[in-house]
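Read through the structure below, which is laid out as structure tokens, and then see the notes.
The values are calculated or read from the model by the stated rules, or taken from the named source; none is laboratory data. Values in this document were obtained by computation on a predicted structure and should not be read as measured data. Here the Cβ positions follow ideal geometry from the backbone for every residue, glycine too, while neighbour counts run over all protein chains shown. Accessible surface areas use protein heavy atoms only, side chains included; no ligands, DNA or RNA. Shrake-Rupley method; radii C 1.70, N 1.55, O 1.52, S 1.80 Å.
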Amino acid sequence: MSVEMSPNKYAQVPDEHGRFGVYGGKFVAETLMSALSELEALYRSLKDDAAFQAEFDADLAHYVGRPSPLYEAARWSDMIGGGRIFLKREDLNHTGAHKVNNTIGQALLAKHMGKKRVIAETGAGQHGVASATVAARLGLECHVFMGEEDVKRQALNVYRMKLLGAEVIPVTSGSKTLKDAMNEALRDWVTYVDNTFYIIGTVAGPHPYPMLVRDFQSVIGREARAQSLAMTGKLPDALVACVGGGSNAIGLFHPFLADETVAMYGVEAGGKGVDTGEHAAPLSAGIPGVLHGNRTYLMQDENGQIMHTHSVSAGLDYPGVGPEHSWLKDIGRVNYVSATDTEALAAFHRVTRVEGIMPALETAHALAYAEKLAATMTPDQHIIINLSGRGDKDILTVASIDGIELGIE
Amino acid sequence: MSRLPEVLESLRESGRKAVIPYVVAGDPTEALTVPLLQALVASGADVLEVGVPFSDPMSEGPTIQKGHERALAGGTSLRSTLAIITEFRKHNQETPIVLMGYANPLERLGYAAIADMCANAGVDGLITVDLPPEEVEAMNRELQRVDIDNIFLISPTTSDARVATITAQASGFIYYVALKGVTGAGHLDTAAVESHLSLIREHTDLPIAVGFGIKDGDTAGTVAKCSDAVVVGSALVDCIADAAASGLDYENVIEVGAKLISEIRSGVNLATSQL
């Protein structure tokens, strides 16, 4: 079996218009178009620039702590009885999730553009924390937009951001979650576009964001590919990652896309069940449309209004998804599936108890699906799951669901 | 067939600057919109701009966001907005109507279907905030088929090269966004507006409307001196919402909105009478 990457169609996207097939694009107000063009030109000039890459790699090594380990979850695998399960430990990154890979990269872009003010949207707060962290390190003013609902359920991350010197702005419009935080961040950007860099946290938004966030996160898959070859002598049989906007999933998947033998599963938030309507699974149950600057699968009604979503996990509670995922779904390269709140919580508890690794609730969706998948596989096969974040931020949510009073608010 | 070119041309010939009020269809209720539009015309509006309610109006400030939320709560959609226009057209065949909204409701119903529905309802132009020139081609083709104008936005950040690209595709009028920011924001720098408009006029003879930041007769008058039309949105949405929230009956709520447009009309006439 060939394990060398070759030039392929997956490296050709997005095209010059920022499109992945019919998805992606630049659907924003005229005021932002020049800022997007400027960012795109800068990124194109820097992405193959050796000095920029060296700076990025050095930050990933010395500040983030990369490479993150690939860990074989042997006890959990044995319990399931099937394929071997490996965890790509993005939870061990500085700030506790994969999000920082991207914020390091975008902060370097902000620095090159001479912007003194950065803004970010956040759902679970991981991207907000990762943005506040790089802003603190570079001495930039940082404003994080966060839905009021998420401010409540992610109180620990809100306080972390404040400790890091960021201002957290609760967003009270619409459903008061991630989608509304992104609306508000776009409104801020259109107002302060001259001095502000918008650090988008996922592979969504207008071009060039889906491309550059993917590129920054692809370090996950490049490392995992080499680690898999070193540890098992072969490529994995399957990859599993949770998908909200989809940055951790693209990061893992992208370097493997041309490897036809590697199956891929993106796990969306099934909420109370995809058939109940109370979920956040646009690829499983949505329709293509335009939101937040790109064309992609969306949860929307027959009038084109964006629907409220539901997930136990704030980071997956989003009605859209990155445009590259929409394309990968349509061409059949990646299988998009879902896990419910209940399944994710069960996997959260199981992996915590069996492996001593407490995953984020977002990640727990991937773990829940991987359990089912591993059970269908043989011991000579192996799966890599992106353990995209740690679960400390979720303990209040889990305790409350389990009916336990921790005495802290 | 769009009424905009003929109406705007005859205004220009008579030296009258156009007043364009903006209201959200169905805000505060669907029943109010048709009589409100009629009253705005009677108070001096030359063109009507009707917002299509959307769940995620990304370019709107808090005032117009709330207008969208009220309209959605009452069940107003793109389809019912067009029903409102159809109703209005039973009594008014002259005043041009421009719909302002976002791409997704159009995408959901399909560009071809939307173009036909707009033509049947008597819509003259469309402003779609998140369809910049790079993404508008498919929609533009359908609008041209039914002779509806696609109104482009130009902002203070639009480069000269982009102004050339945009004006080459534009028809009806150009909508100049006077502020970097969302609707209803901040302080208008009229000197900057004037210098941008003269740059745009080097590329096009189309009338230029200016919106964002026009709150009263004074600002409207100042802007009217250098433009062809002024758009009044947040100030109107705000005073109607306040009147409705204070418990006034429909006729009085409409009266409050009409009074603001009368003031704007007077401010514009006063400022431009010596030109």
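Using a 1.4 Å probe and counting only protein heavy atoms, arrange B:THR158, B:THR63 so the residue with the most accessible area comes first.
Working: B:THR158 15, B:THR63 40 Å².
Result, largest first: B:THR63, B:THR158.
Across bins of 20 angstrom width beginning at 0, how are the C-alpha pair distances of the protein assembly as shown distributed, in whole percent?
Taking all Cα pairs of the protein assembly as shown, the binned fractions are 19, 49, 26, 6, 0 percent.
Looking at region B:4-272, how many pairs of lysines come closer than 28 Å at the Cα, when each pair is eight or more places apart or spans two chains?
Going through region B:4-272 pair by pair, I get 14.
Any chance you could look up the accessible area of A:ASP57 with a 1.4 Å probe, heavy atoms only, rounded to 10 Å²?
Here the residue's solvent-accessible area equals roughly 80 Å².
How large a share of the accessible area of region B:71-149, in percent, is made up of carbon and sulfur atoms when the probe is 1.4 Å and the other protein chains stay in place?
Of the solvent-accessible surface of region B:71-149, carbon and sulfur hold 48 percent.
Long-range amide H contacts for A:SER338: which residues qualify at under 5 Å (H placed 1.01 Å from N, peptide plane, sequence gap of 5 or more or a different chain)?
Those qualifying (amide H under 5 Å, at least 5 residues apart or on another chain) are A:GLU268.
As a quick test, which of the pairs A:LYS272/A:LYS372; A:LYS176/A:LYS393; A:LYS47/A:LYS99; A:LYS116/A:LYS393; A:LYS329/A:LYS372 have an alpha carbon distance above 23 angstrom in this structure? Present the calculation step by step, with values, prior to reporting the outcome.
Numbers: A:LYS272/A:LYS372 18 Å; A:LYS176/A:LYS393 19 Å; A:LYS47/A:LYS99 19 Å; A:LYS116/A:LYS393 29 Å; A:LYS329/A:LYS372 21 Å.
From the list (A:LYS272/A:LYS372; A:LYS176/A:LYS393; A:LYS47/A:LYS99; A:LYS116/A:LYS393; A:LYS329/A:LYS372), the Cα-Cα distance tops 23 Å for A:LYS116/A:LYS393.
Just to confirm my numbers, what's the Cα centroid distance between region B:27-74 and region B:233-272 in Å?
Here the two parts' Cα centres lie 12 Å apart.
For chain B, report the % of Cα-Cα distances exceeding 29 Å. Don't skip to the answer; put the middle values down first.
Values: 9079 of 37675 pairs.
Distances greater than 29 Å cover 24 percent of the Cα pairs.
Once the Cβ-Cβ distance between B:ALA245 and B:ALA42 is put in as r, and R0 is 25 Å, what FRET efficiency do you end up with, to the nearest 0.05?
Working: r = 24 Å, r/R0 = 0.96.
Using R0 = 25 Å, I get an efficiency of 0.55.
Got a sec to turn the phi values of region B:89-94 into Karplus ³J(HN,Hα) couplings, 6.51 cos²θ - 1.76 cosθ + 1.60 with θ = phi - 60°, whole Hz, x for Gly and Pro?
5, 4, 10, 9, 9, 9
Of B:PHE212, A:PHE256, which has the most accessible area and how do the rest follow, probe 1.4 Å? Walk me through the numbers before you get to the answer.
Numbers: B:PHE212 25, A:PHE256 0 Å².
Greatest to least solvent exposure: B:PHE212, A:PHE256.
Out of the DSSP beta bridges found with both residues in the protein assembly as shown, what percent are antiparallel (nearest 5)? Mind dumping the intermediate values first?
Details: 16 of 77 bridges.
About 20 percent, rounded to the nearest 5.
Express in whole angstrom the spacing between the alpha-carbon centres of region B:103-177 and region A:233-266.
39 Å
Of A:THR122, B:THR157, which has the most accessible area and how do the rest follow, probe 1.4 Å?
Details: A:THR122 0, B:THR157 25 Å².
Solvent-accessible surface, decreasing: B:THR157, A:THR122.
Using only the alpha carbons of chain A, determine the length spanned along each of the three principal axes and report them from longest to shortest in whole angstroms.
Result, largest extent first: 56, 53, 47 Å.
Using alpha-carbon positions, what is the distance between the centroids of region A:129-187 and region A:299-334, in Å?
About 22 Å separates the Cα centre of region A:129-187 from the one of region A:299-334.
Over region A:99-247, what per residue volume does the convex hull of the Cα atoms give, in whole Å³? Kindly include the intermediate steps, with their values, before the conclusion.
Working: hull volume 18.4 nm³, N = 149.
Residue-normalised Cα hull volume stands at 124 Å³.
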